[in-house]
Amino acid sequence: MSVVLQDERQAATDRDGARPRASDGELVRRFVTTRSDGAFEQLVFRHGPVVMAACRRVLGSEQDAAGQ
């Protein structure tokens, strides 16, 4: 199985709780060393809403935070 497919499968099972969740540090390491799409997706899934909320507060509008 290719590395990308393995990462996608890992990301899906992490969300479903079928496997122990990888730590944020492990996901960052996987992304930095292998450019893992699955690791990046999992980090965005975990932290995207908090980052977006901070951007909205700092920039003052949804459109600016979304880069529109």
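The values are calculated or read from the model by the stated rules, or taken from the named source; none is laboratory data. Here the structure is a predicted model, which means the values were calculated and not measured. In case anyone asks, the SASA skips ligands and DNA or RNA and just uses the protein heavy atoms, side chains included. Shrake-Rupley method; radii C 1.70, N 1.55, O 1.52, S 1.80 Å.
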Would you kindly derive the ³J(HN,Hα) couplings of the stretch 23-39 from the backbone phi angles with the Karplus curve 6.51 cos²θ - 1.76 cosθ + 1.60 (θ = phi - 60°), listing them in order in whole Hz, with x for Gly and Pro?
5, 4, x, 5, 5, 4, 4, 4, 5, 5, 7, 10, 6, 5, 5, x, 5
So how do S36, S61 rank on accessible area, 1.4 Å probe, biggest first, that is with the largest at the start?
S61, S36
Sorted by chain and number, the residues with a modelled amide H under 5 Å from that of S36, at a separation of 5 or more or across chains, are F31
Just to verify a number: what accessible area does V51 come out at with the full protein assembly present, 1.4 Å probe, Å² rounded to tens?
80
